[in-house]
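Novice: I'd like to ask some things about the structure below.
Just so you know, all these numbers are worked out from the coordinates, no wet-lab data involved. Since we're looking at a predicted model, the values are computed, not measured. Backbone-built Cβ (ideal geometry, glycine too); neighbour counts: all protein chains shown.
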Amino acid sequence: MYWPSPNDYASALVRHGSCFADPDLANGIVDYHKAGGVPQTITGNFACIYRVKGTDD
């Protein structure tokens, strides 16, 4: 069975408008690294967290 890699999740967040059904997430703003233009990842204990700020924040 195939499990998504952290790179798969980061790639999905780059085009987050098409990967989220929730309108707040689809229209939100993803935090990116200042250098490199990839989504900012917080990792630890087998988890990867990404911050998406909603349009109301």
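Novice: Taking a ≥ b ≥ c as the square roots of the Cα gyration tensor eigenvalues, with a/c under 1.5 meaning rounded and otherwise prolate when a/b beats b/c, else oblate, which class fits the range 6-53?
Specialist: Note, shape of the range 6-53 comes out prolate.
Novice: Another question, then. With label points built 7 Å along Cα→Cβ from the Cα atoms of Asn27 and Ser11, find their separation and express it in nm.
Specialist: 2.9 nm
Novice: Expressed as a rounded percentage, what relative contact order does the chain have, with Cα pairs under 8 Å and six or more residues apart?
Specialist: Relative contact order of the chain: 29 percent.
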